[in-house]
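Visitor: Quick one: the structure is below, and I'll ask about it shortly.
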Amino acid sequence: MANQMRPVSAVVLAAGEGTRMRSTTPKVLHPLCGRPMLLHVLDALELLPLERIVVVVGHAAEHVTKTLQEQLTGDVPVEFVEQHRQRGTGDAMSVALTANAFDHDLEDDLIVVAGDVPLLRAETLARLATEHRLADAAASLLTARVPDPTGYGRIVRDEQGRVDLIVEQADAGDAELAIDEVNPSIYCFRRGLLAPALRRLSPENAQGEYYLTDVVEVLRQAGHVVLAVEADDPTDAFGVNDRAQLAEAEAELRARINHRWMREGVGMTDPLRTYLDTTVQLAPDVQLLPGTMLAGRTVVGRGSVIGPDTQLVDTVVGTDAVVRQTVARDSEIGDGATVGPYVSLRPGTRLAAGAHVGTFVEVKNSEIGEGAKVPHLSYVGDAEIGAGANIGAGNITANYDGKEKHRTKVGKHARTGSNTVLVAPVEVGDGAYTGAGSVVNRDVPPGALAKGVPARIEEGWVAKREDAGSGDEPGTGDRGEGAS
């Protein structure tokens, strides 16, 4: 049982440039469902009981290291080491073994994975490590049978069905190219046997590099047990080398994410047209309509309906809200609020409970109070709209004087007529009104009426109207105060 008590660490090989991506972005940093490709690999590893993870970086090493360090969230210690010259995966593995994280007197096992297999799952790695220990193997490798093995190393077996060697695509003959069992570069090694095997590698191959795959043949010829564990699901072994494969991986990962959320009570009318980042959080009874895209730290509360054709980024939606045909970023949408269609919520927007923002409205860095309405065709920027207020059609907050932004405040239960321009800094008091087409460039006291260009102020207008028991006075925009 001693072999089952050895500690386990992991090495991630992420030094390559990824020239087939044809991008200035390092391959392992290309995003899938909101996270860099390499972080999906680390996410799977961090679910295992590991002592440490060592990441070998090379191309754009500083950029890769900084990006990952900013986004790592797990508890497993992660150390980065740099392969200064990209001389193959065998050389990268030798660099990893020099990491200060390793106790070189300790006998342990190493899980080794490539940084471009973002669909790899923790349970697959756990099975590989378990089979490795049960067989007391020197090396165990995950294999997969795929319909198109192009680009992968081929698994060559002997007459007894044991792994004989791995042949890289560039070095394979016709017979080997016909093999559909491939090596996705996912291994488990006895570290004490791996180090001397690496020293026996040679760069005599088509690419002039030190191949980690050659360690398999070295160990087998030395009489050690080499085990092959075929993946239950070949998508676990899917490697990304170009943009087409990146899109394939994204589609598979998105399907997994959607399936998980539906199992947890989220409704999706069309999962194939529903796009969720891994970082999104959803409550049960959320309904996502076709064309919904939720990204970043977006959170949606129970009973809310999102979509169709809606994109929310880093946005919090409360319970029982309805958000249709909307683009929102860094915003908050309160319980029972209704938004859309054709709405833009820019950073800093906060809609209180029961607020309504309607057709063709843009809101930026503003607070819309409880039960307040901005029903249609308006721009609200750098503003505070009080509870129960109603913003008429075509209203604009003129918040920029050419040098600085200024705030607009509309009080509780105020009413602004159609096509009102509020020239900030300005305040419309509680219960005040503006007439249709007014340009308001000075404060309107509570209960007053502002009308005209520039607006004239009639103080006490609301009280007089109530005393007289009359309807709206002509020119106040009774059909343009925003009633939807």
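Visitor: For segment 278-357 and segment 154-219, write down the distance between their C-alpha centroids in whole Å.
Guide: Using only Cα atoms, the two centres lie 50 Å from each other.
Visitor: Find the centroid of the Cα atoms in segment 437-461 and in segment 37-110, then give the distance between the two in whole Å.
Guide: Spelled out, the Cα-based centre of one part sits 66 Å from the other.
Visitor: Computed from these coordinates, which is Cα extents along the principal axes in Å: (i) 116, 42, 39; (ii) 92, 46, 46; (iii) 104, 43, 43?
Guide: (iii)
Visitor: Before I look further, what does the chain give for accessible area per residue, probe 1.4 Å, in whole square angstrom?
Guide: About 44 Å² of surface per residue is accessible.
Visitor: Each residue of segment 32-42 in turn: what ³J(HN,Hα) in whole Hz from Karplus with 6.51, -1.76, 1.60 and θ = phi - 60°, glycine and Pro shown as x?
Guide: 10, 6, x, 9, x, 3, 5, 5, 5, 5, 5
Visitor: Now for a separate question. Heavy-atom accessible area of residue 331 with all protein chains present, probe 1.4 Å, nearest 10 Å²?
Guide: 0 Å²
Visitor: So how tilted is helix 122-134 from the main axis of the chain? Cα-based, degrees 0 to 90, rounded to 10.
Guide: Orientation of helix 122-134: about 20 degrees from the principal axis.
Visitor: Right, another one. Rounded to the nearest 20 debye, what is the charge dipole size of the chain about its Cα centre when +1 sits on each Lys and Arg Cβ and -1 on each Asp and Glu Cβ?
Guide: 1300 debye
Visitor: Then there's this: Starting from the Cα of residue 126, step 7 Å toward the Cβ, then list every residue of segment 36-78 with an amide N under 19 Å from that point.
Guide: 40-53, 74-77
Visitor: Leaving out ligands, DNA and RNA, and with a 1.4 Å probe, what % of the accessible surface on the chain is carbon or sulfur?
Guide: With neighbouring chains kept in place, the figure for the chain is 49 percent.
Visitor: Rounded to the nearest 500, what is the 222 nm mean residue ellipticity of the chain from helices alone, with -39500 (n - 2.57) per DSSP H run of 4+ residues and division by all residues?
Guide: Value at 222 nm, helices only, nearest 500: -5500 deg cm²/dmol.
Visitor: For residue 134 paired with residue 23, estimate the spin-label separation in nm (one decimal), with each label point 7 Å from Cα along the Cα-to-Cβ line.
Guide: Distance between the two pseudo-spin positions: 3.8 nm.
Visitor: Ordered by residue, what ³J(HN,Hα) values in Hz, to whole numbers, does segment 454-463 give under the Karplus form 6.51 cos²θ - 1.76 cosθ + 1.60, where θ = phi - 60° and Gly and Pro are x?
Guide: Along segment 454-463, the couplings run x, 5, 9, 9, 10, 6, x, 4, 5, 5 Hz.
Visitor: Still on this model: Based on the Cβ-Cβ distance from residue 73 to residue 466, what FRET efficiency comes out when R0 is 51 Å, to the nearest 0.05?
Guide: 0.30
Visitor: Ranking request for peptides 70-82, 47-59: highest mean number of other beta-carbon atoms within 10 Å first, then the rest in descending order.
Guide: Ranking the peptides 70-82, 47-59 by packing returns 47-59, 70-82.
Visitor: Further question: So who's got an amide H within less than 5 Å of the one on residue 381, skipping anything under 5 residues away but keeping other chains? H placed 1.01 Å off N, in plane.
Guide: HN-HN under 5 Å from residue 381: 364, 397.
Visitor: Past the 21 Å Cα-Cα mark, which pairs from 412/464; 373/412; 373/405; 373/409?
Guide: In this structure, 373/405 exceed 21 Å between Cα atoms.
Visitor: Which FRET efficiency, nearest 0.05, do residue 453 and residue 314 yield, Cβ-Cβ r, R0 41 Å?
Guide: 0.55
Visitor: Taking H placed 1.01 Å from N in the peptide plane, check which residues at least 5 places from residue 79 or on another chain put their amide H under 5 Å from its amide H.
Guide: Residues meeting the criterion, in which the H sits 1.01 Å from N, are 53, 54, 55.
Visitor: Taking square-rooted eigenvalues a ≥ b ≥ c of the alpha carbon gyration tensor, is segment 258-299 rounded, prolate or oblate, where a/c under 1.5 means rounded and, failing that, a/b exceeding b/c means prolate?
Guide: It is oblate, given that a/c is not under 1.5 and a/b is not larger than b/c.
Visitor: Pull out a ≥ b ≥ c, the square roots of the eigenvalues of the alpha-carbon gyration tensor of segment 320-394, then state rounded if a/c is under 1.5, prolate if not and a/b is larger than b/c, and oblate in the remaining case.
Guide: It is rounded, given that a/c, with a ≥ b ≥ c, falls under 1.5.
Visitor: Also: Take each of the peptides 278-287, 382-391, average the number of other beta-carbon atoms within 10 Å over its residues, and list them starting from the highest.
Guide: 382-391, 278-287
Visitor: Let me ask something else. Under the classification rounded if a/c is under 1.5, otherwise prolate if a/b is larger than b/c and oblate if not, where does segment 22-111 fall, given a ≥ b ≥ c as square roots of the Cα gyration tensor eigenvalues?
Guide: Oblate shape, in that a/c is at least 1.5 and b/c is the bigger or equal ratio.
Visitor: Any idea how far apart residue 360 and residue 232 come out in nm if each label point goes 7 Å out from Cα toward Cβ?
Guide: 5.5 nm
Visitor: Would you check the accessible area of residue 275, probe 1.4 Å, heavy atoms only, in square angstrom rounded to 10?
Guide: Approximately 90 Å² for this residue.
Visitor: Sticking with this structure for a sec: Considering only DSSP beta bridges whose two residues both sit in the chain, what percent are antiparallel, to the nearest 5?
Guide: Here the share of antiparallel DSSP bridges comes out near 20 percent.
Visitor: Amide H to amide H under 5 Å from residue 297: which residues, 5+ apart in sequence or cross-chain, H placed 1.01 Å off N in plane?
Guide: 314, 315
Visitor: Right, another one. By per-residue mean of other Cβ atoms within 10 Å, what is the highest-first order of 119-126, 444-451?
Guide: 444-451, 119-126
The values are calculated or read from the model by the stated rules, or taken from the named source; none is laboratory data. Owing to the predicted nature of the structure, the values given are computational and were not obtained by experimental measurement. Heads up, the Cβs are rebuilt from the backbone with ideal geometry, glycines too, and the neighbour counts pull from every protein chain shown. Heads up: the accessible areas ignore ligands, DNA and RNA and are worked out on the full protein's heavy atoms, side chains in. Shrake-Rupley method; radii C 1.70, N 1.55, O 1.52, S 1.80 Å.
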